[in-house]
Amino acid sequence: MFGLTIHWSLMGSPEGTGDRLRAYVQEESLERFSGMAGLHTKLWQIVDGGFFAGLYVWESAEARAAFLERFRAQPSKVSQLVGHDPDVVREWDLVAVAEGAAGHVR
């Protein structure tokens with residue numbers, strides 16, 4: 001499987017940025033990515049005052065490349081909320097996934 005991490009620093013971001021990012025994920029982004037063709041899973045990470053990141057697992061290198069092309073062609077809503085473009089856009093390979101006794105995250 002084919003991973004992607006997109007990471008924004010929140011260092012020095014305005015007060016309330018974390019709350020705005022959480023609201024954006026719940027009100028817009030979650031629906032946009034749910035059921036997306038070629039996407040196995042997406043996770044959102046946040047550390048207030050630290051960073052915000054999206055972690056994606058794609059079924060193919062082509063699906064990942066197509067998403068990245070669209071992402072780079074239009075400004076991200078996250079970039080607008082944070083006030084700058086991502087600091088890191090990194091492609092990676094997923095080696096394995098272990099599911100613990102607690103089951104899949106829902």
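Each reported figure results from applying straightforward, stated rules to the coordinates on display, with no laboratory input. Since we're looking at a predicted model, the values are computed, not measured. As a convention, Cβ positions derive from the backbone with ideal geometry for all residues, glycine included, and neighbour counts pool all protein chains shown.
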Treating the angle as unsigned and between 0 and 90°, give the value, to the nearest 10°, between the Cα long axis of helix 61-73 and the longest Cα principal axis of the chain. 20
When only Cα pairs under 8 Å and 6 or more residues apart are kept, what is the percent relative contact order across region 2-93? 50
Listed values [x] 29, 16, 15; [y] 27, 15, 10; [z] 23, 17, 13, entry calculated as semi-axes √(5λ) of the Cα gyration tensor in Å: [z]
Given +1 on the Cβ of Lys and Arg, -1 on the Cβ of Asp and Glu, and no further charges, what dipole in debye does the chain carry about its Cα centre, rounded to the nearest 20? 100
